[in-house]
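The values are calculated or read from the model by the stated rules, or taken from the named source; none is laboratory data. Keep in mind that what you see is a predicted model, and the values were worked out from it rather than measured. Don't worry about glycine lacking a Cβ; one is built from the backbone with ideal geometry, like all the others, and counts go over all protein chains shown. These area figures cover heavy atoms from the full protein model, side chains too; ligands, DNA and RNA do not enter into them. Shrake-Rupley method; radii C 1.70, N 1.55, O 1.52, S 1.80 Å.
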Amino acid sequence: MPKPVVAIVGRPNVGKSTLFNRITGTRVAIVEDTPGVTRDRLYREAEWCGRQFTLVDTGGIAAWTDDPLVARVKEQAGQALREADVILFVVDARAGLTADDEEVASLLRRSGRPVILVANKVEDFSDPSLHHEFFRLGLGEPFPISAIHGLNVGDLLDRVVEHLPEAADAEDKSALKVAVVGRPNVGKSSLVNRLLGEERVIVSDLPGTTRDAIDTFFRRGEKEYVLIDTAGMRRKSRVDAPTERYSVIRALKAVERADVVLVVLDGTEGVTEQDKKIAGYGHEQGKASIIVVNKWDLVPRDEKTMARYEETIRQELSFMAYAPVLFLSALTGHRIRRLLPVLDAVGAAASRRVATGVLNSVVREAVVLTPPPAVKGQAVKILYATQVKVKPPTFVFFCNRPEGVHFSYQRYLENQLRQAFGFEGTPLRLLFRYRKAD
């Protein structure tokens, strides 16, 4: 299930980005004393008291359009309402209540979403009367914090967790859930349509777990699938409309729910920087992936074109060396029949479990053939391994010096597992834990 979304909203220069950085423990949001400096919507995973959620910094209100500020505030708050499960409405306690604060509050009161009014830049927590004027917003008692100093932020997160939705019931595990992601105009919707019409299939629309998405269920033979189409994700410099800014969040939700991610590339354009970022979403989430090069019918080619193209993809997307590459045309249907068998195989690989005895037999042979390098003259001993989860397949290796297992040797072990058990299309997670050697 996708993580709940917590959106930080408010007029410029109230400390939204500072609060974002404080909660996520990062400095990805630019903090500057210039209103509207955060021009890109930022998102990061966050966790508090065992609850995970996606935190969104909705900066850049003044950057979206040349319309009057009130209209821009309405757009910003409106989009946040559509995506968020909980909203943190940040106001500036030092500056006091403004007309822009009241404009945002009027929308939030009608939203039906849980709203926590956050009075930032509080310097004196002993005098609550200093921020009582914000009661006029009709959103309850202001919650005083100092984001820059981290004061009271922990208590604020306690309040956030109280408002997060309860975990939904487990989804149907029988159907393979497939997210189709990529830049605009690479042919994602055409690919979805082609898949749905390629065979004699049973098709129906199912309500998605995101509020504005419809998943599409279909069956081919005995196999069941749910296709999750997503809006195209453009480079940040080209994302001007509020609806496009939030398409990234919807795509991230789709990736979280998916078993397999189809990363669609435009064969006429090659691999772009944005393609790399989009492909990285699934990789970071540990999702099985297939790289689909679409519009192959438009690419001038000879007998070596495909091999050269795949070599370039492997170089540009080197972090996804495990992902198969398919060349096809959603428009004409060329090579489309090859996709579903690969999809089935990749989905099965992500769910594969290896018996502990068989696993350790392979690991022992790998260690005998190539022992791990010693660290400062001391031998590194791999004692045994076990698989602890699937999607992605995750293995724990117990050894006497886990910190001494070099990343190159970790890659060697991963390659040995792939040679022995396949795992095409899925990332592997290798963890190293301490255990005293006999």
Does at least one position in segment 84-101 carry a residue that is in a helix (DSSP H, G or I), surrounded by fewer than 19 Cβ atoms within 10 Å (Cβ to Cβ) and modelled with pLDDT of 70 or more? yes
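Counting just the residues of segment 134-152 that are in contact with a strand residue (DSSP E or B) (Cβ under 8 Å, 6 or more places away or on another chain) and open to solvent by 10 Å² or more (accessible area, probe 1.4 Å), which one comes out nearest to Ser106 (Cα to Cα)?
First pass over segment 134-152, keeping only residues in contact with a strand residue (DSSP E or B) (Cβ under 8 Å, 6 or more places away or on another chain): 134, 137, 139-147, 152.
Going one step further and asking which of them are open to solvent by 10 Å² or more (accessible area, probe 1.4 Å), we end up with 139-141, 143-144, 152.
Details: Leu139: 9, Gly140: 13, Glu141: 16, Phe143: 18, Pro144: 21, Asn152: 26 Å.
Only one residue fits best here, namely Leu139.
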Suppose we filter segment 340-379 for residues that are of a type in the set (Val, Ile, Thr) and assigned to a loop (DSSP other than H, G, I, E, B); how many remain? 2
When you scan segment 209-274 for strands (runs of 3 or more DSSP E) that lie fully inside it, which ones turn up with 1 or more residues that are modelled with pLDDT under 85 and either in contact with a helix residue (DSSP H, G or I) (Cβ under 8 Å, 6 or more places away or on another chain) or surrounded by fewer than 20 Cβ atoms within 10 Å (Cβ to Cβ) (or both)? 214-220, 223-229
Only one of these conditions is not met by Val396: (1) touching a Leu at 6+ places or on another chain (Cβ under 6 Å); (2) over 18 Å from Ser351 (Cα atoms); (3) open to solvent by less than 30 Å² (accessible area, probe 1.4 Å). Which number is it? (2)
Which one of these is charged (D, E, K, R) and either open to solvent by 80 Å² or more (accessible area, probe 1.4 Å) or touching a Ser or Thr at 6+ places or on another chain (Cβ under 6 Å) (or both): Arg418, Arg401, Arg364? Arg364
List every residue pair whose Cβ atoms lie under 7 Å apart, where the two residues are 6 or more positions apart in sequence or sit on different chains, the first residue falls within segment 275-302 and is under 16 Å from Arg335 (Cα atoms), and the second residue, located anywhere, is among the β-branched types (Val, Ile, Thr) and open to solvent by 10 Å² or more (accessible area, probe 1.4 Å). Ile290/Val342; Ile291/Val325; Val293/Val325; Lys295/Thr268; Asp297/Thr332; Leu298/Thr268; Val299/Thr268; Val299/Thr305
Inspect all residues belonging to segment 309-317 and state whether any of them is open to solvent by 10 Å² or more (accessible area, probe 1.4 Å), within 22 Å of Lys223 (Cβ to Cβ) and among the basic types (Lys, Arg). no
